[in-house]
């Protein structure tokens, strides 16, 4: 059985001056706190924090982190508080324990909400101190190693979470061995039949290929030794989930996977890495497209290595990885290598860049579930490398677009992105970039982020910045509409707008639980409160029945003004597509959220389903020269030339046709929908009457 002395012995091997008393003290405290508890496997609970501490020691972490690992469940599962931890140990230990302690499920209505909030808490702490996630990794790894003692449904839930969140996070932080173990343990739980089948096939392949791999190693070792290059070389089997993913993605049988076993070579310097690469390529033929230089172009987690696949002896494929000792440590330990030799908390500038993406997400996303989804999307491992015209490189997810690339350069470049050239050729903004593309972003001071960009961007940075802009724009539109509606109502009631700057407004703001007049305007503009509620409080001597709800709406600046609201020069509005009213129709407005006022016919069926408090009276303005769009539906006999007859009549009556949709029925009838521009209801009625007089027409309706 594992003991605390085993853990301390591990620590002293890589850090002779470690604070072992802190570790021993944390163990005693944890043992007492958990003395009445047992694990699902029936052993004393203390063996779990001991196992977590041992994993942290295997990662060569500092004494503070190992102490926190021993204490990580004392607050959640025992009657201890963070203040207790802080007083008995150190503020750093208390911070780490608090960060990895889940929030009580009693605070939330659903398990999903509790999970999202707990992860947000962890991500926030992780962005301040990366050791938080390393403790959670160790905790989750031991739980996954002993998961068979849990009920099957809980096993699957934990394994799914591990595969979706913990494994990709480990990869993003460069901890290769842990990512592989997370994936394989999850794979075993989620797909047990596929896992067992693959394990057997890999074992058989290894047995069959061992002599072959040994032969390749002997040939290569002789050549490298002849050049007096120091090296270590060994064969390695890829982890099971990685092989399984290849089978799924490429839709191939196991027999067609040729790189199940690879060869790794470790040397002392970068030049020697390239020397060894040269030897390999001189011995065997390189397979085109299978060479990757991650030394000159490191991954975002600073992984460096040379990868190449060749046609080896006997025509079989062999994959090689070549790296230095330092690169090998980074590849396996990632950011955890920071604590290998020193007791230190702050990351270097290079290490801090590895988690900068998380800090950005936390700044931009406040909703816990949205943050969790964003982190899941951000840590997807498949990446491409895109170059600027000056040769700078950006690492992006597969399927990224020029807009993603623009935001990766700078937020302002993304916001002003009006076009792009890929390899010197103009492409649309939704073009999917390929690794190695050279991309030039064309910006314009008149451009701004658009909602339709969200349909094709894939990076969380781009999505978050676009959503932030749209939210701000929606907020400002709501404020503008609310202000115009309130000021119009005040003028209608004969109240000076200067009252909005008096002490009376403080009472109003408190009454509606808002901090500023802009927040009040926003409530009105989004239809959450009505203007007469505000006016009634501002001037209570005015009887309620004399306070009339607002009376007008207004168009986008690019349109002519057809709708009016007394006392307001211009308000954002749009004509509802469901009923498409025209001047002369009785109309009513509905205050939407962020899109101004939607104008409907009063007899529109959709009005019945809208919130009554958000309806306002609107009316048409006089404009003899303007036209509006509306729709008419025609049922007629499917006779030759009928469509030409109708369009000719419309043209003769100065009606512009903007869209036509025609269908034939089995009983030789035609259904034709026209979108047309008319002056008003009288003009539309005249058109409908004239179409009805055509012999083949059965009916015409709006």
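Read-outs throughout are calculated quantities, based only on the coordinates presented, and are distinct from any laboratory measurement. Just so it is clear, the structure is predicted and the values come from calculations on it, not from any experiment. For neighbour counting, all protein chains shown are included, and Cβ atoms are generated from backbone atoms with ideal geometry for every residue, glycine included.
Structure values in brief
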| quantity | calculated |
| --- | --- |
| Nearest-ten-degree value, helix 152-161 long axis tilted from longest Cα axis of the chain | 80 degrees |
| Residues 521, 212 arranged by fewest to most Cβ contacts within 10 Å | 212, 521 |
| Overall form of segment 1-141 per C-alpha gyration tensor (a/c, 1.5; a/b vs b/c) | prolate |
| In degrees, nearest ten, helix 368-378 long axis to first principal axis of the chain (Cα) | 60 degrees |
| Dimensionless Rg/Rh of segment 74-178 - Kirkwood Rh, Rg from C-alpha atoms | 0.97 |
| Sequence of 267, 645, 502 once ranked by neighbouring C-beta atoms within 10 Å, starting from the fewest | 502, 645, 267 |
| Gain on full stretching of the segment that runs from residue 657 to residue 377 - 0.36 nm per residue minus C-alpha separation | 96.3 nm |
| Residue 157-residue 228 pseudo-label distance in nm [points 7 Å out on the Cα-to-Cβ vector] | 6.4 nm |
| Semi-axes of the equivalent ellipsoid for segment 628-701, Cα gyration tensor, largest first, Å | 20, 12, 11 |
| With Cα atoms, 0 to 90° folded angle of helix 681-692 axis to the chain main axis | 90 degrees |
| Percent of beta bridges antiparallel (DSSP, the chain, rounded to nearest 5) | 85 percent |
| Rh by Kirkwood over Cα pairs, then Stokes-Einstein D for the chain at 1.567 mPa s and 4 °C, µm²/s | 41 µm²/s |
| Rounded to whole Å, sorted largest first: equivalent-ellipsoid semi-axes of segment 7-58, Cα gyration tensor | 23, 13, 5 |
| Semi-axis lengths (Å, descending) of the ellipsoid that matches the C-alpha gyration tensor of segment 193-335 | 25, 19, 14 |
| Residue 199 paired with residue 259, simple spin-label distance in nm, labels 7 Å along Cα-to-beta-carbon | 2.6 nm |
| Segment 431-461 and segment 35-102: distance between their alpha carbon centers, rounded to Å | 45 Å |
| Exposure proxy order (Cβ contacts within 10 Å, fewest to most) of 70, 538 | 538, 70 |
